[in-house]
Amino acid sequence: MKNIFIFGYYGFKNTGDEAILSALVDNIKDIMPDANITALTYNSEHTEELFQIRAVSRNRFTEIINAIKNADVVISGGGSILQDVTSSRSLLYYLWIIWTAKRYGKKVMFYGNGFGPINRLINRRIIRYLINQVDVITVRDFESKERMQSLGINKEITVTADAVFSLRLELESFQKHGDKRKIGISLRDWMGKERYKEIIAKTADYLIKRNFEVIFIPMQFPTDLNISSEIEALMTEVPILIHEEISPKEILKIISELDLLIGMRLHSLIFATIVGTPVVGLEYEAKISSYLKIINQPSGGKVEELDQIHLWTIIDQVLLNEDEYKQRILLAKEQLKQKASININILKDFLQKEI
């Protein structure tokens with residue numbers, strides 16, 4: 001039995017990252033059914049029960065080191081874990097895992113990762129040294145590749161797509177029900193900003209008064225639920241708010257029934273792409289603007305500079321030209337699914353060569 005250690009932002013009740021792990025575990029088992037998979041996580045019991053794999057708590061350093069020592073390969077499983085926009089703490093933590101893996105002579109693969117931005121000079125130097133030792137690198141967008149290369153990373157870097165596009169789903173069963181038009185809103189907290197919450201509250205009121213059903217869709221619990229509740233309290237109309245943690249497949253079903261998703265979380269936009277729902281993105285990091293370019297969908301503006309008139313104009317534009325924007329996102333979906341299959345082929349070659 002072969003041992004594979006996966007690390008990422010797992011176990012934090014973030015729907016996008018849990019969907020990444022689900023897809024990666026399925027991909028590995030398809031390639032190597034007898035693989036013994038261990039994942040780094042915040043909640044080992046939850047991860048083990050949900051994915052039927054072994055899990056190691058991210059604060060048990062001795063167990064992490066042992067899991068790496070016992071692994072045949074180490075995989076960085078997607079997400080934007082290598083960035084220092086919010087702080088250097090988590091960045092250095094993940095770099096320590098890469099350093100430990102290479103210290104014990106392990107082969108390391110990046111699997112459809114996002115990357116950057118990296119702002120601090122010392123972090124840039126550490127990253128350049130360590131990532132140039134990574135054996136196989138795939139990233140989910142060209143901007144991630146360009147950021148790596150700008151730091152002096154000279155390894156071969158393949159641009160693919162987010163691992164979620166290879167998630168096993170019976171999407172043909174997803175279809176709209178009822179006559180009322182629906183708009184979803186998926187938000188997160190960002191750097192203590194407050195003004196955008198007032199604009200989103202007014203936007204939701206505006207849409208409800210136009211006879212749309214507005215649904216707030218938290219992608220991470222409880223933080224996104226708290227933000228949605230704050231905005232609900234600022235509203236004069238009554239939206240629908242999802243109060244309970246639900247599975248990625250259940251969220252996909254909800255998003256598939258929408259006419260439009262207004263999304264701040266990257267994986268809310270990715271989920272919308274998977275089910276062919278047009279989006280208006282809200283930019284809080286460069287990865288959002290990068291992804292909106294990939295799927296040819298509009299931005300409602302940067303979170304810290306959000307303008308109500310501009311946002312409403314963009315929303316109206318998409319709603320008035322819904323078929324056009326739907327065709328754009330369906331085209332992007334097919335292209336991204338094909339790129340995600342490249343991830344799987346590279347993973348297969350990596351595992352079969354190194355194990």
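The values are calculated or read from the model by the stated rules, or taken from the named source; none is laboratory data. Everything numeric in this text was worked out from a predicted model, so none of it was measured. Cβ placement follows ideal geometry from the backbone for every residue including glycine, while neighbour counts extend to all protein chains displayed. We work out accessible area using only protein heavy atoms, side chains counted, and drop any ligands, DNA or RNA first. Shrake-Rupley method; radii C 1.70, N 1.55, O 1.52, S 1.80 Å.
Just check region 171-335 against the gyration tensor rule for me: Cα atoms, a ≥ b ≥ c as the square roots of the eigenvalues, rounded for a/c under 1.5, and otherwise prolate or oblate depending on whether a/b exceeds b/c. The shape class here is rounded.
Listed by chain and number, the aspartates and glutamates whose C-alpha is less than 20 Å from the C-alpha of LYS29, apart from same-chain residues fewer than 8 away, are ASP17, GLU18, GLU48, GLU49, ASP72, ASP162, GLU170, ASP349, GLU354.
Highest GNM mean-square fluctuation among PRO298, PRO117, PRO33, for the chain modelled with Cα contacts below 10 Å: PRO33.
Residues LYS353, LYS326, LYS69, ordered by accessible area of protein heavy atoms at a 1.4 angstrom probe radius and largest first, appear as LYS353, LYS69, LYS326. With distances taken between every two different alpha-carbon atoms, region 3-159 has a Kirkwood hydrodynamic radius of 15.6 Å.
On a per residue basis, the chain carries 43 Å² of accessible surface, using protein heavy atoms and a 1.4 Å probe.
The length gained on full extension between GLN149 and LYS326, counted as 0.36 nm times the residue separation minus their Cα-Cα distance, comes to 60.3 nm. Note on the chain: dipole from Cβ charges, positive end direction compared against TYR284, ILE240, ASN119; the farthest Cα belongs to ASN119. Based on Cα contacts under 8 Å between residues 6+ apart, the chain shows a relative contact order of 15 percent. Under 5 Å between amide hydrogens, built in the peptide plane, is the criterion, and for LYS107 it picks out VAL74 among residues at least 5 positions away or on other chains.
Amide H contacts of ILE137: PHE110, THR158, each under 5 Å away and 5 or more positions distant or on a separate chain (H built 1.01 Å from N in the peptide plane; Pro and chain starts excluded). The accessible surface of region 1-66, taken with every protein chain in place and a 1.4 Å probe, is 43 percent carbon and sulfur.
From the cross-link list LYS253/LYS333; LYS13/LYS180; LYS145/LYS353; LYS253/LYS339; LYS180/LYS253, which pairs have alpha carbons spaced over 27 Å apart? The answer is LYS13/LYS180.
Take the convex hull of the alpha carbons in the chain; its mean projected area over all directions comes to 16.9 nm². Accessible surface for GLU305 stands near 120 Å², nearest 10, in the context of the full protein assembly shown (1.4 Å probe).
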